[in-house]
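All remarks here apply to the structure that follows.
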Amino acid sequence: MIYKLRKKFIKICMLSFMSVFLVLFMLIYFITCIQTNRSLDTLADIVSENEGKFPEFEELKIEENQLFPPKEINQESPFTTRYFTVRFDSSEQPVFVDVRSIASVTREEAIDYANSALHSNWERGWVGSFRYKVYNTSDETAVVFISGADVKEINQNFLFAVSSVFIGGSLIVLFLVIILSKRAVKPVAESYEKQKRFITDANHELKTPLTLIRTNLDIMESENGSCEWLDDIREETELMTELVNQLVTLARMDEEDNKLEKNPFSLSNVFTETVSAFSPVAQKRNVKLNVTAPPQVIYTGNEAAIRQLFSILMDNAMKYCDPNGTINVTLCGGKRPILNIENSYKSVSNLELNHLFDRFYRADKARTYGSGFGIGLSIAKAIVEKHYGSITAQNIDNKTIRFQVKL
């Protein structure tokens, strides 16, 4: 359990760190894309507003309320901006192609790029590594392309650097979390070990007086005969002995190094034998018991533990089934056998299903059939987890409760 807690602590820390990074990375990526598009759109606007040419820095049109030109523009911009322009007539035939300010694009390639942009039905966008703008003149449609290859390469290098920092940081964080997690769960581990030690010690300390009480009861009954008070003492002694045994069983189930011996066995036979043992009880309480199981289901696990699991769930169903109610028990084979135990229970809507497997939790203390301490379902859950399965409690139509076990 402590190992699982530590593992969960490490997983939560790493998932939190990765989530924060992914959010930051996406924000950086989107902000970078927006800034890149805005910067290239500014250059495209300048070219489109100056008849397809990039003007000298002194000739730039600066708005009256703009004290300085855009930050994308400087005295080197006319020489460093790579662009080309294509104009079309009203029938969308190219009539002018200007590729003088770029060396990596031929006239034919420029026309292909322009046709792609023109048929995209978007005023602005990307074609390859070029940011384009479609605009209209008096009698023509023109497309200006600004090269964004350098900017894209810079952005990719930046994002690669960010990713590298993240990977390196993740490894460092993982290393630190692994080291510090042991210290973080240490108080819980110590408390858990004390609890197990207390249960084990209590078991040894209680077994001796309980054995002595039973022995004295036998002597008193042999000398004086049975009476009501001695019967009450014997009944309570047996209940106390059962409680101690269940606590020890639960404590052993919680031990990480307590590996159950697992062997192949007939799950169908174990299921049938266990359920059949409760048939007399069902008849006595006038409860209808429906059983469905395939003839041969082979499962690899601990047979004794699985028998105990089935017995706990059947005992629970008998205990909480409504008078004259129905219990449906179904076993399904396959790679992961599934056991469903359903019993009619009118008060199922009042149950806290997420607490049914808590220790010492009893749904209805008014029930009188059998004896219980609220530990049985906790033991059942521990057995299922030892077999790497799952157990759940479900509310069926507010009249029936179902316990489902997936082994």
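Points to keep in mind about this one:
- So Glu109, is it open to solvent by 30 Å² or more (accessible area, probe 1.4 Å) and over 30 Å from Ile28 (Cβ atoms): yes
- Taking the stretch 272-311 as the range and being free of Cβ contacts under 8 Å to residues at least 40 places away in the same chain and in a loop (DSSP other than H, G, I, E, B) as the test, the residues that pass are Ala277, Asn286, Ala293, Pro294, Pro295, Gln296.
- If you go through the stretch 147-185 and keep only what is open to solvent by less than 100 Å² (accessible area, probe 1.4 Å), in a helix (DSSP H, G or I) and among the polar types (S, T, N, Q), you end up with Asn155, Asn157, Ser163, Ser164, Ser170, Ser181.
- Out of Asn245, Asn269, sole residue that is in a helix (DSSP H, G or I), surrounded by fewer than 18 Cβ atoms within 10 Å (Cβ to Cβ) and at pLDDT 90 or above: Asn269
- Beta carbons closer than 9 Å, at least 6 apart along the sequence or on distinct chains, pair a first residue in the stretch 330-346 that is within 16 Å of Phe265 (Cα to Cα) and among the charged types (D, E, K, R) with a second that is open to solvent by 30 Å² or more (accessible area, probe 1.4 Å) and not in a loop (DSSP other than H, G, I, E, B) for Arg336/Lys406.
- Phe54 vs. criteria more than 30 Å from Ile178 (Cα to Cα), at pLDDT 80 or above, open to solvent by 30 Å² or more (accessible area, probe 1.4 Å) and out of contact with any Asp or Glu (no Cβ under 8 Å at 6 or more places or on another chain): no
- Cβ-Cβ under 9 Å pairs, at least 6 apart or on other chains, the stretch 100-127 side without any contact (Cβ under 8 Å) to a residue 60 or more places away in the chain and in a loop (DSSP other than H, G, I, E, B), far side among the charged types (D, E, K, R) and open to solvent by less than 50 Å² (accessible area, probe 1.4 Å): Glu123/Lys133
- Residue that is least open to solvent (accessible area, probe 1.4 Å) [pool: residues in the stretch 320-360 that are of a type in the set (Phe, Trp, Tyr) and over 27 Å from the mean Cα position of the chain (by Cα)]: Tyr345
- Criterion violated by Arg131 - all others in (1) assigned to a helix (DSSP H, G or I); (2) surrounded by 18 or more Cβ atoms within 10 Å (Cβ to Cβ) satisfied: (1)
- Residue count for the stretch 299-308 under the criterion of being modelled with pLDDT under 90 and of a type in the set (A, V, I, L, M, F, W, C): the result is 2.
The values are calculated or read from the model by the stated rules, or taken from the named source; none is laboratory data. All figures in this text were calculated on a predicted structure; none of them were measured in a lab. Here the Cβ is made from the backbone with ideal geometry for all residues, glycine too, and neighbour counts use every protein chain on show. Ligands, DNA and RNA are stripped out before the accessible areas are found, and what is left, the full protein with its side chains, is counted by its heavy atoms. Shrake-Rupley method; radii C 1.70, N 1.55, O 1.52, S 1.80 Å.
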